1. For every other residue with a beta carbon closer than 13 angstrom to the beta carbon of Asp5, add +1 if it is Lys or Arg and -1 if Asp or Glu, then tell me the sum.
2. Which ³J(HN,Hα) values in Hz, rounded to whole numbers, follow from the phi angles of the range 115-130 under the Karplus curve 6.51 cos²θ - 1.76 cosθ + 1.60, where θ = phi - 60° and Gly and Pro get x?
3. Using the heavy atoms of the protein chains and a 1.4 angstrom probe, tell me the accessible area per residue for the chain in square angstrom.
4. Ignoring any ligand, DNA or RNA, what whole percent of the accessible area of the range 31-113 comes from carbon and sulfur when the probe is 1.4 angstrom?
5. Short version: ³J(HN,Hα) in whole Hz for each residue of the range 106-113, in order, from phi by Karplus 6.51 cos²θ - 1.76 cosθ + 1.60 (θ = phi - 60°), x for Gly and Pro, what are they?
6. For Ile67, which sequence-distant residues (separation of 5 or more, or a different chain) have an amide H within less than 5 Å of its own amide H, given hydrogens modelled in the peptide plane?
7. Taking the Cα centre of the chain as the origin, how large is its charge dipole in debye, to the nearest 20, when only Lys and Arg (+1) and Asp and Glu (-1) carry charge on their Cβ atoms?
8. ³J(HN,Hα) across the range 51-62 via Karplus (A = 6.51, B = -1.76, C = 1.60, θ = phi - 60°), whole Hz, x for Gly/Pro?
Amino acid sequence: CHPIDLARAVDAAIANLHVAIGETGAVVRVAGALPVLPCDDSDMIRLFQNLIGNALKYRRPGQTPIIIISATPADGGWTVDVADNGIGIAPDDGTGIGLAVCKKIVERPGGRLWVEPAPGGGSVFRFPLAAAGPPEP
(Lines give C-alpha, C1' and ligand atoms only; values in the text may rest on other atoms or scores of the structure.)
Protein backbone atom coordinates (compact mmCIF):
# COMPACT_ATOMS: atom_id res chain seq x y z
CA CYS A 1 0.00 0.00 0.00
CA HIS A 2 1.14 3.50 -0.75
CA PRO A 3 -0.54 6.81 0.14
CA ILE A 4 -3.38 7.69 -2.21
CA ASP A 5 -5.67 10.67 -2.24
CA LEU A 6 -9.20 9.33 -1.75
CA ALA A 7 -10.54 12.35 -3.66
CA ARG A 8 -8.63 11.15 -6.74
CA ALA A 9 -10.08 7.64 -6.29
CA VAL A 10 -13.58 9.16 -6.16
CA ASP A 11 -12.83 11.25 -9.27
CA ALA A 12 -11.70 8.12 -11.13
CA ALA A 13 -14.83 6.23 -10.05
CA ILE A 14 -17.01 9.13 -11.23
CA ALA A 15 -15.16 9.21 -14.56
CA ASN A 16 -15.76 5.46 -14.98
CA LEU A 17 -19.48 5.99 -14.30
CA HIS A 18 -19.91 9.18 -16.34
CA VAL A 19 -22.43 7.61 -18.76
CA ALA A 20 -24.72 6.33 -15.98
CA ILE A 21 -24.32 9.59 -14.04
CA GLY A 22 -25.26 11.55 -17.16
CA GLU A 23 -28.25 9.32 -17.94
CA THR A 24 -29.68 9.63 -14.42
CA GLY A 25 -28.78 13.30 -13.94
CA ALA A 26 -27.15 12.29 -10.66
CA VAL A 27 -25.31 14.71 -8.43
CA VAL A 28 -22.18 13.17 -6.91
CA ARG A 29 -20.21 15.39 -4.60
CA VAL A 30 -17.57 15.25 -1.93
CA ALA A 31 -18.43 17.09 1.29
CA GLY A 32 -15.25 18.44 2.81
CA ALA A 33 -11.76 17.14 2.22
CA LEU A 34 -10.97 13.45 1.84
CA PRO A 35 -7.75 12.14 3.39
CA VAL A 36 -4.64 10.72 1.80
CA LEU A 37 -4.30 7.19 3.18
CA PRO A 38 -2.17 4.08 2.56
CA CYS A 39 -4.56 2.07 0.39
CA ASP A 40 -4.57 0.20 -2.88
CA ASP A 41 -5.72 2.77 -5.42
CA SER A 42 -7.41 0.28 -7.75
CA ASP A 43 -9.31 -1.21 -4.78
CA MET A 44 -10.45 2.23 -3.63
CA ILE A 45 -11.60 3.16 -7.14
CA ARG A 46 -13.52 -0.13 -7.38
CA LEU A 47 -15.02 0.42 -3.92
CA PHE A 48 -16.29 3.93 -4.71
CA GLN A 49 -17.41 2.87 -8.18
CA ASN A 50 -19.53 0.02 -6.78
CA LEU A 51 -21.09 2.16 -4.03
CA ILE A 52 -21.88 5.05 -6.39
CA GLY A 53 -23.10 2.59 -9.04
CA ASN A 54 -25.47 0.96 -6.53
CA ALA A 55 -26.84 4.38 -5.59
CA LEU A 56 -27.56 5.04 -9.27
CA LYS A 57 -29.14 1.62 -9.76
CA TYR A 58 -31.37 1.80 -6.68
CA ARG A 59 -32.54 5.39 -7.10
CA ARG A 60 -36.07 6.58 -6.41
CA PRO A 61 -38.14 6.88 -9.59
CA GLY A 62 -38.64 10.50 -10.61
CA GLN A 63 -36.03 11.82 -8.16
CA THR A 64 -32.54 13.08 -8.98
CA PRO A 65 -30.00 10.75 -7.34
CA ILE A 66 -27.79 12.64 -4.89
CA ILE A 67 -24.67 10.88 -3.60
CA ILE A 68 -22.51 12.57 -0.98
CA ILE A 69 -19.10 11.22 0.01
CA SER A 70 -17.44 12.41 3.20
CA ALA A 71 -14.82 11.35 5.75
CA THR A 72 -14.47 12.10 9.44
CA PRO A 73 -11.47 11.38 11.69
CA ALA A 74 -12.05 8.38 13.94
CA ASP A 75 -9.87 6.12 16.10
CA GLY A 76 -6.51 6.96 14.53
CA GLY A 77 -7.96 6.77 11.03
CA TRP A 78 -11.03 7.89 9.13
CA THR A 79 -14.62 6.77 8.71
CA VAL A 80 -15.77 7.23 5.13
CA ASP A 81 -19.47 7.69 4.35
CA VAL A 82 -21.14 7.24 0.97
CA ALA A 83 -24.69 8.54 1.42
CA ASP A 84 -27.50 8.45 -1.13
CA ASN A 85 -31.17 9.38 -1.38
CA GLY A 86 -32.18 6.12 -3.05
CA ILE A 87 -34.76 3.50 -2.13
CA GLY A 88 -32.79 2.41 0.93
CA ILE A 89 -31.57 -1.01 1.96
CA ALA A 90 -32.14 -3.17 4.99
CA PRO A 91 -29.03 -3.19 7.22
CA ASP A 92 -28.82 -7.00 6.98
CA ASP A 93 -29.36 -6.96 3.21
CA GLY A 94 -26.78 -6.09 0.61
CA THR A 95 -25.66 -9.45 -0.66
CA GLY A 96 -25.32 -8.38 -4.30
CA ILE A 97 -22.05 -8.94 -6.13
CA GLY A 98 -21.14 -5.24 -6.01
CA LEU A 99 -21.46 -5.06 -2.25
CA ALA A 100 -19.69 -8.39 -1.83
CA VAL A 101 -16.71 -6.90 -3.68
CA CYS A 102 -16.89 -3.77 -1.50
CA LYS A 103 -16.94 -5.83 1.70
CA LYS A 104 -13.97 -7.88 0.51
CA ILE A 105 -11.94 -4.73 -0.24
CA VAL A 106 -12.70 -3.19 3.16
CA GLU A 107 -12.29 -6.41 5.15
CA ARG A 108 -8.93 -7.37 3.61
CA PRO A 109 -6.99 -4.93 5.86
CA GLY A 110 -9.24 -5.79 8.81
CA GLY A 111 -12.01 -3.21 8.34
CA ARG A 112 -15.71 -3.61 7.90
CA LEU A 113 -18.46 -2.11 5.76
CA TRP A 114 -21.91 -1.47 7.12
CA VAL A 115 -25.07 0.32 6.00
CA GLU A 116 -27.42 2.56 7.94
CA PRO A 117 -30.64 4.25 6.87
CA ALA A 118 -30.05 7.84 5.78
CA PRO A 119 -32.15 10.58 7.40
CA GLY A 120 -35.00 11.32 5.01
CA GLY A 121 -34.56 8.06 3.09
CA GLY A 122 -31.73 6.37 1.26
CA SER A 123 -28.66 4.67 2.66
CA VAL A 124 -25.32 5.55 4.20
CA PHE A 125 -22.55 3.04 3.56
CA ARG A 126 -19.77 3.43 6.14
CA PHE A 127 -16.31 1.98 6.40
CA PRO A 128 -13.24 2.82 8.48
CA LEU A 129 -9.81 3.26 6.92
CA ALA A 130 -6.64 3.26 8.98
CA ALA A 131 -4.26 6.20 8.82
CA ALA A 132 -1.39 3.70 8.73
CA GLY A 133 -1.16 0.73 6.42
CA PRO A 134 -1.64 -2.84 7.61
CA PRO A 135 1.38 -4.33 9.38
CA GLU A 136 3.90 -6.05 7.15
CA PRO A 137 3.57 -9.86 7.30
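1. Details: positive: Arg8; negative: Asp11, Asp41.
Every neighbour counted, the sum reads -1.
2. 10, 10, x, 7, x, x, x, x, 9, 10, 8, 10, 7, x, 10, 6
3. Working: 7380 Å² over 137 residues.
Ligands and nucleic acids excluded, the figure is 54 Å² per residue.
4. Values: 2210 of 4230 Å².
Ligands and nucleic acids excluded, carbon and sulfur reach 52 percent.
5. 6, 7, 3, x, x, x, 8, 10
6. Amide H neighbours of Ile67: Val27, Val28, Arg29.
7. Numbers: 11 positive and 14 negative charges, 61 e Å.
Magnitude of the dipole: close to 300 debye.
8. 5, 5, x, 5, 4, 6, 5, 9, 7, 7, x, x
The values are calculated or read from the model by the stated rules, or taken from the named source; none is laboratory data. Remember, predicted model here, so these are calculated numbers, not experimental data. Quick reminder, even Gly has a Cβ in these numbers, built from the backbone with ideal geometry, and neighbours come from all protein chains shown. Protein only, heavy atoms only, side chains kept; ligands, DNA and RNA dropped before computing areas. Shrake-Rupley method; radii C 1.70, N 1.55, O 1.52, S 1.80 Å.
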